[in-house]
Amino acid sequence: MHFLVLLLAFMVVSGPLWAQDIIGLVQRGDSLLAKGQNQQALLEYEKALKVGAGSALFLNRLAGLYMQNEAYVKAAKSLQASLAEDPKQLPVYSALGEAHLATGKIDSAIFYVEQARILAPSSSSIYSSLAFLYMQKGQGERAREQLDRALALNDKNPEAYRLYGFYYSQQDSVDKAIENYLRMSELLPQDVEAFNNIAFLHANAQRYQQALKFYNMAKERTQDPFVTQAIAANIDAVEALIAGKMRARYILVGSKDVAQRAIDQLNNGADFFDVAQQISIAPNAKEGGDLGFFAPGDLNPIFEQAVMELEMGQLSGIIEVAQGFIVVQRLN
């Protein structure tokens, strides 16, 4: 009925327009969408919208294309119009939450997911979605309440365990975080994230053999070459630690004043890689001064001693060497 009212209103303003015209535009959009021609489909849908298309199904498809194009404000507007047509669409509330989150409107995102919870109070996944939003807002305890409810409703909700793993990681409760990621990995045995996170937590706790085990399990499960490369780099880093190797980078300059200016830049937030490329006279300046992994005895003893005295990520003071003056940062 609402669709007919919209159509008639348009006819009063603009003259005769048959429903077939709107249907034709929507059908062309549907056909293009089925062929994967999403941008062309979006253009047809927008034409249909201008001439009165307004069913919930159509508006949801339009919103989906807006989301793909990161046009989140338009997506939210379409989804709100869809709810006006049919307020009982549970997935639309969640989609609205995503759209508002993408624009930084966390309170609005929470509002719509809360509406979904009212519609489906026994849905475990909605409570885990709320937990995620409260974490984004920095309300950890409120998030934990939602996770408890999510798992009370469904103790096989992998998203709840993933978020609990993150929650405990932020609380520095490493073993509890690992416990939850392990539960997630049991429910999603091919999920790379769970195994990678477990490995990372073990590595931070200096349980290097356990870290290697889980990094390799993560590597076995990924099909993405970039993820594979990143995990392989982590495996190399852990193996280097087991072997007692260090990793550092440095900036070499000709005077103490220049070295001090470099330290000042770095302490003010400049990127070490960029500063090294700009001012270092070392042979590896193009690589940001990265030396890779090295064992005790491989390099200048003065340099190695400086690295050994640093914490990971810490900068040294100015160190004088035969070639000039260096600033060092430890990387592992």
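Out of segment 195-211, which residues are touching a helix residue (DSSP H, G or I) at 6+ places or on another chain (Cβ under 6 Å) and either modelled with pLDDT of 95 or more or under 17 Å from A177 (Cβ atoms) (or both)? Can you show your working first?
So the first thing to find is which residues in segment 195-211 are touching a helix residue (DSSP H, G or I) at 6+ places or on another chain (Cβ under 6 Å), and the list is 195-199, 201-203, 205, 208, 210-211.
Passing the criteria: F195, N196, N197, I198, A199, L201, H202, A203, A205, Q210, A211.
Residues in segment 297-327 that are in a strand (DSSP E or B) and either within 28 Å of A203 (Cα to Cα) or in contact with a His (Cβ under 8 Å, 6 or more places away or on another chain) (or both): how many? Before you say what the answer is, go through the steps one by one.
Initial filter on segment 297-327 (in a strand (DSSP E or B)): 315, 319-321, 324-327.
Those still in the list that are either within 28 Å of A203 (Cα to Cα) or in contact with a His (Cβ under 8 Å, 6 or more places away or on another chain) (or both) too: 315, 327.
Residues that pass the stated criteria total 2.
Given the options Q39, Q115, Q80, Q89, name the one that is over 30 Å from A150 (Cα atoms) and among the polar types (S, T, N, Q). Outline the logic, then answer.
Numbers: Q115 fails: over 30 Å from A150 (Cα atoms); Q80 fails: over 30 Å from A150 (Cα atoms); Q89 fails: over 30 Å from A150 (Cα atoms).
Matching residue, one of Q39, Q115, Q80, Q89: Q39.
Tell me whether segment 274-287 contains one or more residues that are surrounded by 15 or more Cβ atoms within 10 Å (Cβ to Cβ), modelled with pLDDT of 90 or more, in a loop (DSSP other than H, G, I, E, B) and among the hydrophobic types (A, V, I, L, M, F, W, C).
yes
Exactly one of these conditions fails for A218: (1) touching an Asp or Glu at 6+ places or on another chain (Cβ under 9 Å); (2) under 30 Å from A322 (Cβ atoms); (3) not charged (D, E, K, R). Give me its number.
(2)
Being among the small types (G, A, S), touching a Ser or Thr at 6+ places or on another chain (Cβ under 8 Å) and surrounded by 23 or more Cβ atoms within 10 Å (Cβ to Cβ) is the filter here, so list the residues in segment 94-128 that pass it. Working first, answer last.
The first filter runs over segment 94-128 and keeps only residues among the small types (G, A, S), leaving 94-95, 97, 99, 102, 104, 108-109, 116, 120, 122-125, 128.
Next, from what is left, pick out any that are touching a Ser or Thr at 6+ places or on another chain (Cβ under 8 Å): 94, 97, 116.
Hits for segment 94-128 are G97, A116.
Among the residues in segment 137-155, are any closer than 27 Å to N216 by Cβ and modelled with pLDDT of 95 or more?
Step one: of segment 137-155, the residues closer than 27 Å to N216 by Cβ are none.
Looking for residues that are closer than 27 Å to N216 by Cβ and modelled with pLDDT of 95 or more, one finds none in segment 137-155, hence no.
Exactly one of these conditions fails for K77: (1) within 20 Å of L119 (Cβ to Cβ); (2) out of contact with any helix residue (DSSP H, G or I) (no Cβ under 7 Å at 6 or more places or on another chain). Give me its number.
Of the numbered conditions (1) within 20 Å of L119 (Cβ to Cβ); (2) out of contact with any helix residue (DSSP H, G or I) (no Cβ under 7 Å at 6 or more places or on another chain), the odd one out for K77 is (1).
Sort out which residues of segment 175-233 are of a type in the set (S, T, Y) and buried (at least 21 other Cβ atoms within 10 Å of the Cβ), and write them in order of number.
Initial filter on segment 175-233 (of a type in the set (S, T, Y)): 181, 185, 208, 215, 222, 228.
Hits for segment 175-233 are Y181, S185, Y215.
Give me a count of the residues in segment 170-190 that are at pLDDT below 95 and within 18 Å of the chain's Cα centre (by Cα).
Counting residues in segment 170-190 that are at pLDDT below 95 and within 18 Å of the chain's Cα centre (by Cα) gives 1.
Does V321 meet the test of being crowded, with 18+ Cβ neighbours inside 10 Å, in contact with a helix residue (DSSP H, G or I) (Cβ under 7 Å, 6 or more places away or on another chain), touching a residue at least 12 places away in the same chain (Cβ under 8 Å) and of a type in the set (A, V, I, L, M, F, W, C)? If you could, list the steps in order and put the result at the bottom.
On the way: crowded, with 18+ Cβ neighbours inside 10 Å: no; in contact with a helix residue (DSSP H, G or I) (Cβ under 7 Å, 6 or more places away or on another chain): yes; touching a residue at least 12 places away in the same chain (Cβ under 8 Å): yes; of a type in the set (A, V, I, L, M, F, W, C): yes.
No, not satisfied.
Output the number of the condition that A199 fails; it satisfies all remaining conditions of (1) under 16 Å from L212 (Cβ atoms); (2) without any contact (Cβ under 8 Å) to a residue 12 or more places away in the chain.
(2)
Going by what's in this entry, would A34 be described as among the hydrophobic types (A, V, I, L, M, F, W, C) and buried (at least 16 other Cβ atoms within 10 Å of the Cβ)? Break it down into steps so the answer makes sense when it comes.
Working: among the hydrophobic types (A, V, I, L, M, F, W, C): yes; buried (at least 16 other Cβ atoms within 10 Å of the Cβ): no.
Against the criterion (among the hydrophobic types (A, V, I, L, M, F, W, C) and buried (at least 16 other Cβ atoms within 10 Å of the Cβ)), A34 does not qualify.
Please give the helices (runs of 4 or more DSSP H) falling wholly within segment 127-213 in which 3 or more residues are aliphatic (A, V, I, L, M) and farther than 24 Å from E239 by Cβ. Before you say what the answer is, go through the steps one by one.
On the way: elements: 140-153, 158-170, 174-187, 192-204.
Passing ranges, in order: 140-153.
The values are calculated or read from the model by the stated rules, or taken from the named source; none is laboratory data. All values reported here derive from a predicted model rather than from experimental measurement. Cβ: placed from backbone, ideal geometry, glycine included. Neighbour counts: every protein chain shown.
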